[in-house]
Structure formats: C-alpha cells, structure tokens
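All remarks here apply to the structure that follows.
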There are 2 protein chains.
Amino acid sequence: MTEQKLSEPPPAGLGPREPTAPVAPVAPRPGAVVTLRPLGVHEARLDPGGLLGRWQRRNAEDTIPHCVDNLHAHGNIANLRAAAGESGDAFTGMWFADSDVHKTLEGAAWELASSPGDASLRSFVDDTTALLARAQGPDGYLNSYFTVAAPDERWRRPEWSHELYCAGHLVQAAVAAARTGVRPDLAAVARRFADLLVERFGPGGAEEVCGHPEIETALAELYRLTGHRPYLDLARRFLDLRGRGLLGPGRFGPAYYQDHVPVREAAEVTGHAVRQLYLLAGMVDVGVETGDHTLLDAAERLWEDAVHRRTYVTGAHGSRHRDEAYGDPYELPPDRAYAETCAAIASFQWNWRLLLATGRARYADEMERALYNAVAVAVSLDGRRFFYSNPLQSRTGHTGSGEEAQARRLPWYSCACCPPNIARLMASLHGYLATAAGDGLQIHLYAAGSVTAEVAGSAVRVDVRTEYPWQGRIELTVTSEADTPWTLALRVPDWCDAYAVRIGGGPVTAPARDGYVRLTRVWAPGTTVVLDLEMPVRRVTAHPRVDAVRGCVALARGPLVYCLEQADLPPGTVLEDVRLDPAVAVEAGRREDLPDFPVVLTAGGRLAEPGASLYAAAPARERHGAPLTLTAVPYFLWGNRSEGPMRVWIPVAATG
Amino acid sequence: MTEQKLSEPPPAGLGPREPTAPVAPVAPRPGAVVTLRPLGVHEARLDPGGLLGRWQRRNAEDTIPHCVDNLHAHGNIANLRAAAGESGDAFTGMWFADSDVHKTLEGAAWELASSPGDASLRSFVDDTTALLARAQGPDGYLNSYFTVAAPDERWRRPEWSHELYCAGHLVQAAVAAARTGVRPDLAAVARRFADLLVERFGPGGAEEVCGHPEIETALAELYRLTGHRPYLDLARRFLDLRGRGLLGPGRFGPAYYQDHVPVREAAEVTGHAVRQLYLLAGMVDVGVETGDHTLLDAAERLWEDAVHRRTYVTGAHGSRHRDEAYGDPYELPPDRAYAETCAAIASFQWNWRLLLATGRARYADEMERALYNAVAVAVSLDGRRFFYSNPLQSRTGHTGSGEEAQARRLPWYSCACCPPNIARLMASLHGYLATAAGDGLQIHLYAAGSVTAEVAGSAVRVDVRTEYPWQGRIELTVTSEADTPWTLALRVPDWCDAYAVRIGGGPVTAPARDGYVRLTRVWAPGTTVVLDLEMPVRRVTAHPRVDAVRGCVALARGPLVYCLEQADLPPGTVLEDVRLDPAVAVEAGRREDLPDFPVVLTAGGRLAEPGASLYAAAPARERHGAPLTLTAVPYFLWGNRSEGPMRVWIPVAATG
C-alpha cells in the first residue's frame, strides 16, 4: 500500500508531483497500456467564478453536508453502528444502504484534499472510518445489512445481494482516502475485505459474480493503489466468469445483469444501464492494467452501440423505467426516458477511462455532453435536491407512482444512490480536466481555473480564463520552464464546426486533427493562447430510426442542450401544442428577467390547434394559430422555477 | 338464489325466454336504470364460418382445454387440493392463482351452455366445483394461498392480497354457472364466501377495500342473480370507501389503486389499467342497480378521459410497463405500449355495461375496436399461445427481460391472468352482439349468425349473413310474428362515413341518428335488410399532442387496424427505415400467397436513408431511396408467421 501522510495539498502551482502515482480518481499504474495520463486533483484548480467551479463549491457547501445529514437521518450510519454491535437497532433502508455511506465518504475524501480545513467534513471522515473499522467482522466482511438483518444469507444471493457492489464502493472510498492522504488507514479496512474476497472468489474459489458490477473497477483501482496483483486478478476473474448465465434465469434473465454473453463477445449494451456502465469501466481498467486488448476492444465496440443507438441527446443512458434498462436500438422516448443520474455519472467515468486508454476525442466529447446535461440536470440550483431519473420531457398533467417518476427534484430517495454519486464526482471534477502524455499537455474540458503538469521533465502551468459553456472563447496563459518544444493539445468539441486560434495575439492556422488542435513549440513563459469556438445555436435532429422525436428538433448551443419550460409560455398555453417555426431564426442572449440562465434562446413558435378526437382519418397537416415567441433555457436548469411541463424535443411546424 | 336446473339449452330459435333473467354475462335486474337489455347467450348464435364464430370455436376446442391443462400443470388445481386438506403440497405460483381457476371455470360454464355435450369440459366443471366446495373453510373463506401458505396473513394486506379480487372471480364463475344452469350449486359456494364478506366488510365492519378491484362488479352480479340486497350494498360500500387513501402510501401511492380520490370525483383514469377498468365496470353495475346517477356520470367522464386521451388506436389501454399503468394524457408510445390483454377485455366489458346503461353507440364502437384489435391480437392462430402485452410496434433487435416483453405469444405466463380471461370472453361472445329495448332490437356487433328476442310481446329473429369485418356488406333476414311496428336498430360504426340500406331489395333513405340506423315498420316475415358499410382504407392520424407517432399514419379498414411486418419486406430491409409514400393509393384485396389474411393492404413505400450519426445539426429533411411496395396485414394476426419486427404507425415520407 502506498503510504501517504495527511498534509496540506500543494498549491495549484508549480510544485513537485509524483508522476507515477497521481492523486486522481483513476490512476493507471506506470506499466498500464494507456495513451494519456491523468494529472491528479492537486494539479488542477477550478475557479469558483466559473460554472464548474461553482458546481464544485456548491457540492462542498451544500451537497456533501446534505448527504451526511441524510445518512444520519435515514439510518445508514445507525446500520453500521448496529453491525459494530454498538446498538440493537434493526436494519433500516435498502439492503445496499452502506454504499451510500461509502460514496459520500469518497466524495468527502476528494473534497478534503482541496479543503483540508473543513472540520465538519474531517470529523465525518474520521468518525465514519473508525465506525467502518469497528463494523468489520474479524474475517474482513463488512456489510451492515447481512451482518444485522440476514446473517444466514451472506453470499447466498449473488443476483440481488449487492454485497460485492457495496464492497466495491468501500474500496473506492478507501482508494480516494489513501491517494489524497486524507485517511490512509481506511485502505486497511478495504484490504481486509478485499483479501477475504480473493480468498473466497479467487482462483479455486467460488465461481460467482455480483448482480451489480462495481467490484471490478474497484479492485483494479485497489491494485493500482497497492500493487497487490491478486486484486487485479480477481477483477479479471469476475469479468471472465460473465456470460455463463450464473445470474438469472428468472424474471430478469441474464442479459439484465450482462451475464448472457462473455464480456469480450458482447455486441450490444443490455439490461440495467448502471450495471452495464460500471461493468464497462471495470473492463477498461482491467484491460489497460493487464494489457488485454480484447477487453478494450469490446468496450469500444459497446461504446459504439451505446452512443450511436441508445444514448439521449443529453448524454443520458437508459430508456426504460422497467428494469432501469437500455431499450432497443433507437428506442429513445423523451418522456419515459429513465436516464438515471447514476448512469450518466457512470458514463462520464467510463468515458474518462476510454479517453486515458486511447486518447480519442470522442470520449471527451461524451464526457462533456453527459456532464453539462445528463449529470448537471440532476442537481437543483441549491445543491440539495436531486433527480433520480432525468427525462427529456415532462408532460402537462404528468403523474407517476414512484419517487423517480416525479417531475421534481427530491431531497433524498429511498434508493439514494444518486445524490452521493454526484457528491463524489463533483468533488473530484478538477481531476478530469486535462491529461499529460509524452509530448505534452491535453486539455479536454474547458473551465476557468488552472492545470499544472510535468512535461518533458519540466513543470508547466496553464491558466484558463473562459465563460465556457456560455461563451466559446477560451484564453489560456502558458507558463513553462521547458526549453524544448512540447505540445499543448486543445480539444475542439464535436459540436463545433468553426473556431479560431490566436497565439500571443496573432492568428495561427491550426487544423484540428482527431478532435484536437495541437500547438507545438518552445513555450515562452506567459504565452497567451486564445481558442475561439464558434457557438451558434444548433437545431439538432435525430436519426430517422428514432421514432419518438420524429418531426422535432432539439435546440443546442455549445455543449448545452436547451428546453422549453411551461414557466416561459403565455398563461393557459399547453406546452404540447407548441411548435417551432422553422422560418424564424433562433437567437442566443442574456435576459435580465432570467438571471439564473446566463444565456437563453429566443425562437419563433406557433400553436397547433388541437384536434377534437384522439384519432381521425384526416389530412395529416396540422393547423396552426397565431405566432408566439418562444424562450428556451438550458436543460440542466429546468425545474428550478416550477414543476411545470418541459420538453427538449420541439415539434417543427410544417411549412410550405 | 334463482334456481335453475341443468338442462339442454333451448335451440337458438324462436323458443320462449324469461325476459327478466337473461342468461348473459351482465344481467341487470328488472328495476335497473338501463336503456338496453341484454339478450343472453341462448338468444344468439355465431355461425362458425364467420370470424367471431371461428374465434369462439377455437376457444372451445383449443383455448379452454389449453387453460385447463395449464391449471393442472402449473399447480393451480393442486393448490386448491392442498387448501382442501387433501395433500400436503406447498403452494405454488402467484398468490392470486385461484383467480385463473375461477376465470377458466366461468369460461367453461359459458361454453357448456352452448356445447352441453362436451364431456371433458363437463368433467372439469364438475370436479372443480366440488373441489372449490371442499377447499372452502367452514366460515366460507376460500383462497388457497392464504389457507395453505399464509394463514396468519389473511385479510391483513389489502393492497396486495388480491383476496377480494379472487373472491370476485369466484363469484363471477358462480354467476355464470348458475345463469347457464351448468352448475347452479357453485353459487352456494360463492354465496357462503360473499356472506362472510358482508359480515366482515359490511356496515359496521372493516373499512377496507381491495387493492385490485373486481369484487365490486362481481357482488353486483351476485345481487342480480340472487336478489339479495346486502351484496349490492357491499359493492356500493367498497366504491364509497375509495378515495381515502386506505391503499398506499408506499412505493405505488394511492392513485395506482384508484384510491386517491372518491370515485365520483375522479376526473382522470390513473394507475394500474386493469384495476381502473374493473373498478369502472363495478361503478356502472352499482350505478344502474341503485339508480345512483353520480356513479354513471363519473364512469362516462372517465371514459372521455380514457378514450380521448389515453387509448391506443387498437383500443388498448395502459401505456407503461412500470406499474402496468395508464400514462399521462397523450402518452401513447407504440413500442412500449403495455396494452395488457386483460385491460382490453376489461374495456370491452366496461363498455358493454355503459352501452346497456345509456344506449350510446360510442360504447359499442369502443367494444368493436378493442375486440378486433387489442383483444384479438392476444391469441395465436392456433388458440394456444397468448400475448400478455400488446404493443403496436416491435423494433428490429427487440429484447426485454420479462415474459411480457417478448415479441411473441407464449403458451402460459407465471402471472397467467390473460389466457383464462380470453377464454371467458370468447365463450360468451355471442352474448354481446345485440340488445333489446322497448321499441325493438339493436344490433351492435356484426357477425354471421342469428339473434332472437321478444319484441313488443312477440318473438322475432334476425339472421345475419356477412363477411364482416373483411367486407362491409351485412345481409339480415328478419322473422317476426309481431303485427305492430318495431324498430330494428343497426349500428353504423364511427369509422364509417358512407353506407347504404336496402330493404326487400329496394334502397331506403335511412339517416343514422346517434350512431344507429333505425328501421321502424311492421316486419313481414322474411324481410331482407342489407346494410352496406363502405369500407375504404383509412389513413389514421393521431392528435397533435401524441408525440410518439408524429408524422405517422396507421392504416385501417373497417374496424381493423393494419400493420407492417418484417415477413413482408424484401430481405435485408430494416423496418424502421420504411416510409409510406403518401402519393400512392393504398389498395385492399386478397392475396393468394397470404391465405391467413383474408384482406391485405398494398401501399407505396420508400426507404429512408439512415444517417451516420444518432444526432446531427442538419436539415431535418430525410432522404429516400428507391420506391418499394408495402404489404400491410391485420394487426391482430401479426406474429403468426415469425417473431420479426412489426409496426402499426408508419412514418410518412415527406413530400413536396
């Protein structure tokens, strides 16, 4: 185990760093087969004035404390006390409630790395680490549900127990606490459990896999932290055992668990979307650490299936409420999109792993799309309410029976997987901005802040000023001590058709290649680079096989998808009657009366005259009433004014 | 209790009948506030050469025996034996498995009324009746799950127990067995249970309702059979107790159970569709028997919500797999339609009750639409395989985890509610063709066969020759002994814009009023009437608020909705790429190579060129390849050749 002591993080400057062990959410070993290397959270800083920086500050000030409060209020902490034998309380909540503790703990560790003076957070981490150690059995087992409520069922229900899933989140929390130095001793707890898993499920042991993947990526990360190969071998074994139908049959069937086909042979994403995506993250981790290209190949093949046939325009995954599952190819209903928050986060994490492995811009594009839309929408402006499901349409008169069928963000859920998942992602968000490789530094996500790296043996720093995603202008100041050329690679997002680059005030010709502008030179300290990404409003259409949004467009600008909300319609207008007038230009701008939306879109609309009957043998041509002006707001901000109807895909009024 | 002895049914001729107690699935008391009176199953006959007659024969020869076999094979009968103390076997199957026995028994009773010589069916009815009597507790309680597996849970879980639901189906079986005279003593079993219910839940008793309505309509029917008022009062009490949130809260919430608002105040259908529809049937039954117009008013108001905002073009109900529920207004996805078979049957039964109550043609229209599409599609050509869910689209590459997510009919289901529901409907189908009222006879559904009635004190008979629904020509021969004028009312379906009437070979001017052509005269015996309903192919469009089928048409002819099936496309063609060419006329005709489809449609098509990416900022205009000829087949017959993709709603190629 890498021993790290708790200390103030180095300032985000030109301080020294250990290139082989980045303090990052994903930290491939030196020998891993990756194209790019993560920098780590101490090598990047988000300016709190920028959008991502504000998200991260809100996460620290509101979301994480809110999660901690709810872990206490909903019994998650009490469950662990009971498991430690410190109370006789009955278990409460979901049987995988421990995982919410672990994820919050992981988020707290990342946050403490940036804000070591937060005493309240420190005390949560200290207390919870100690509690977990006490709740752990002498054999290393640690799961409050099976310890308190169902000791006889331990390891007996692999489909549903989530025991390895919970173990995985414990491991991830421990890895974060160790890498950041916030609480290195949590890793000892995680290792005791992991050693038990190796003993039970390792070579010659039980041939079982978990119904909910997560342990695979976690064990790969624990290997990365410790260098202890049996962890990686067990992660690989869990992957190799899939495809034998060990899970199911039954009502769900093995495809629900991604257990219907060996992982290397899968051609389609199937079943429960979060399970599929966590599994894919593990496949990439194990692939790059073992050098097994067949795992990476399969992951890239499944990426193409997922992204080209089953992903929402917001980057969300999961078309069906039933089974929280992927749909058929091109089955992408906006109203019944399940689009679980955790799936969007899992997609972001998976794409980061693919980006590190391959260096391909398409994975960074997908991270950006998910982050600004499918992930961001899940959190309220105040950081204390959350969507579990993130549909792209909420109809007039919407109702639903479950918590996630509500058209509003809730403070907490009976299945509370999503809020602490947001907490851990947002707390480590600066770890995903940029990477280093042999030839230089690559910036993938644009945000006001700074990144540092060691390039060609020298420390370099790039300060970023930008109002991205509201504006496409990105100003970078490069500080480099290197006296040899190196390459600053700047991603040109896939949504961007035109851009300009200036260096030191002068225009340069810099064609993007494979999604990046690559600027190679000996960088004089203080060189400024301006990347100006044109950001016109786009009218996005879907593939002709997507039945659910035929005849509609989605308005987008930069990485942001926009939507119509009831709050912006004249009183009495039914949103479902609104049509976009294709003859009217859509304009982007600021509206003084809408201060929460830095850029809104203004478009021309028409109102369809509703028919009298549900079905008619009649001409298909709609009739339209008087024109009206439409306001579209960023999708991720919807539902902060009211719970009214909303839609991303807008029917286009037929013309001609 | 009406005592009826087992006897040969009277021939479907001019024999005597008891007008106040029709042998019918729904038999209002003489004092009931109804507009129309049912005739009864002995007053109607279906010609086995016609489509409905063939369905009924298939039901007798295949579906009912298949259900009986499966009740044995899946433990339903064994459960009752265990409840009777005749075995120590554990309970198997769903906790409401008794209801499958009851529904099959009801179907067998209706069938035996028509085919009294069927020894195998007779033996099933006799054995099962005796078994139910033995399985009944001394207090009248009869439910094998709670008797065998969970005696301590009896009456303790109203949301989920289905105890009153199962009791309701027992009552309905007993009513059928008594009305038909097939097994009058089953009514004694049902009454013992019903008396227990009156004691426990009646005035001063427990204020509880069942999570799954059914008991309400059943008790009203038992009152009709017996004249015992406490049964009706209890049915009314169960209705009156709804709206207090006795069911839920919890994951589902009271709206799932239709318990969120008093039944008379409900403005929208909500929650589980079958529960909603059975409840509505009970509301009409209690309303007409008590003269409580507020119940009927509420049922008609909910009909308008259901039919104008939430019903599929096939007459199916239930837009969501999750909760098997109604969706939001205009939420009608064809691919993810749940469209449970039982909901279509329940809609048929509910509409019949509304038709009797009001005489309004719109209810008969709805019966016809559901019968020929949403109900009929559930059964395979051989009568032994069934859909549970009846979507209007099955995509290329369709997958699903549950049984009902399959794109094929299955022989049986773990939740086997649908097959025996079909059995009981089909066995009594001839009871729904026509009605009598003070001024004459009303024919609502057209089928080759005959109906008899007593009109103005005289026996009349109408023989019907028709190839309906394949052709719109209906030839009726009226035999009447009445020497005073009476009215033969013939429904002109809502899909029909033009028709002609001839009497005795000569054209007559007969404007339809409120959906019926009413022909009033002294009918000379042997008078022929020809109703010629024009049956052009219709291109049906949906209300502009139905997002899921924007830009599409459904092809229909007469009462039949048509669909495209993969089997009729050139090899290699992806169904999702097919577009209808609006410039090409759609023709109806017979195809020698498709003998299972008496009338197919031929249309012009184009293939959309699939785009390279899932989303693009591009012109919305699709590009199309070479034209092709499309074949559309009746929706209810899809899936009998292959499990290939299918769609009812066809995107229209943009023109101009």
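The values are calculated or read from the model by the stated rules, or taken from the named source; none is laboratory data. If you're wondering where the values come from, they're calculated on a predicted model, not measured in any experiment. Note that each Cβ is placed from the backbone with ideal geometry, even for glycine, and that neighbours are counted across all protein chains shown. Please note that ligands, DNA and RNA were not included when accessible areas were found on the heavy atoms of the full protein model with its side chains. Shrake-Rupley method; radii C 1.70, N 1.55, O 1.52, S 1.80 Å.
With Rh defined as the Kirkwood radius, the inverse of the mean 1/r over Cα pairs, the Rg/Rh of segment B:290-406 is 1.01. For segment A:395-448, the alpha-carbon radius of gyration amounts to 1.84 times the rule-of-thumb value 2.2 N^0.38 Å expected for a compact globular protein. Under the criterion of Cα pairs below 8 Å and six or more residues apart, the relative contact order for segment A:434-533 equals 28 percent.
Per residue of A:245-256, what is the mean number of Cβ atoms on other protein chains within 10 angstrom of that residue's Cβ? Could the numbers behind the result be given before it?
Values: counts 0, 0, 0, 1, 0, 2, 4, 2, 6, 1, 3, 4.
Across the residues of A:245-256, the mean count of other-chain Cβ atoms within 10 Å is 2.
Placing +1 on each Lys and Arg Cβ and -1 on each Asp and Glu Cβ, with no other charges, gives segment A:434-533 a dipole about its Cα centre of roughly 120 debye. Each residue of segment A:498-509 was assigned a 3J(HN,Hα) from its phi angle through the Karplus expression (A = 6.51, B = -1.76, C = 1.60, θ = phi - 60°), giving 8, 7, 9, 10, 10, 10, x, x, x, x, 10, 8 Hz with x at Gly and Pro.
Roughly speaking, what is the stretch gain from B:Ser642 to B:Ala130, that is 0.36 nm per residue apart minus the C-alpha to C-alpha distance, in nm to one decimal?
Gain on extension, B:Ser642 to B:Ala130, equals 180.1 nm.
Our analysis of chain A gives Rg over Rh at 0.97, with the two radii drawn from alpha carbon positions and Rh computed by the Kirkwood formula.
Adding -39500 (n - 2.57) for every DSSP H run of four residues or longer, then dividing by how many residues chain B holds, sets the calculated 222 nm ellipticity at -9000 deg cm²/dmol. Figure legend: label point modelled 7 angstrom from the Cα of A:Asp483 along Cα→Cβ; residues of segment A:495-533 with amide N under 20 Å from it are A:521-527.
Counted as membrane-span-like here are DSSP H helices of chain B whose alpha-carbon atoms extend 20 Å or more along the helix's own axis and whose Kyte-Doolittle mean is -1.0 or above; these are B:98-114, B:119-135, B:163-179, B:186-201, B:273-290, B:293-309, B:341-358.
Solvent-accessible surface (1.4 Å probe) assigned to B:Arg513 amounts to roughly 140 Å².
For segment A:554-641, which GluC sites (Glu not before Pro) are both in a DSSP coil and crowded by at most 12 other Cβ atoms within 10 Å? Passing sites in segment A:554-641 are A:Glu592. B:Tyr432 sits with roughly 10 Å² accessible to a 1.4 Å probe, with DNA, RNA and ligands left out of the calculation.
Take every residue in peptide B:388-396, count the Cβ atoms of other chains within 10 Å of its Cβ, and give the average of those counts.
2
The mean number of partner chain beta-carbon atoms within 10 angstrom of a residue's beta-carbon across peptide A:603-614 is 3.
If one puts a single equal scatterer on every Cα of segment B:540-651 and applies the Debye formula without solvent, what log₁₀ I(q)/I(0) results at q = 0.10, 0.15 Å⁻¹? Log-scaled intensity ratios, in q order: -0.31, -0.68. In order along segment A:140-146, the Karplus-derived 3J(HN,Hα) couplings, from 6.51 cos²θ - 1.76 cosθ + 1.60 at θ = phi - 60°, round to x, 5, 8, 7, 5, 4, 6 Hz, and Gly and Pro are given as x. Summarising the amide proton neighbourhood of B:Arg557: residues at separation of 5 or more, or on other chains, whose placed amide H is nearer than 5 Å comprise B:Arg538, B:Tyr562.
Between A:Glu86 and A:Ala500, residue separation times 0.36 nm minus the direct Cα-Cα distance comes to 142.7 nm.
Peptides B:61-69, A:107-115, A:551-559 ranked from most to least packed, by the mean per-residue count of other Cβ atoms within 10 Å: A:107-115, A:551-559, B:61-69. For the protein assembly as shown, the per residue solvent-accessible surface stands at 32 Å², with DNA, RNA and ligands left out and a 1.4 Å probe. Taking label points 7 Å from Cα along the Cα-to-Cβ direction, A:Arg29 and A:Glu207 give a separation of 2.7 nm.
Can you figure out the FRET efficiency of B:Ala267 with B:Ala456, using R₀ = 25 Å and their beta-carbon distance, to the nearest 0.05?
Calculated transfer efficiency: 0.05.
With only Lys, Arg, Asp and Glu charged, each at its Cβ (+1 for the first two, -1 for the last two), find how big the charge dipole of the protein assembly as shown is about the Cα centre; round to the nearest 20 debye. That gives a dipole near 1580 debye. Take B:Arg244 and B:His308, extend 7 Å from each Cα along the Cα→Cβ direction, and tell me the distance between the two endpoints in nm. With each label point 7 Å from Cα toward Cβ, the separation is 3.3 nm. Note on A:Gln471 and B:Arg521: their simple-model spin labels are 8.6 nm apart, each label 7 Å out from Cα toward Cβ.
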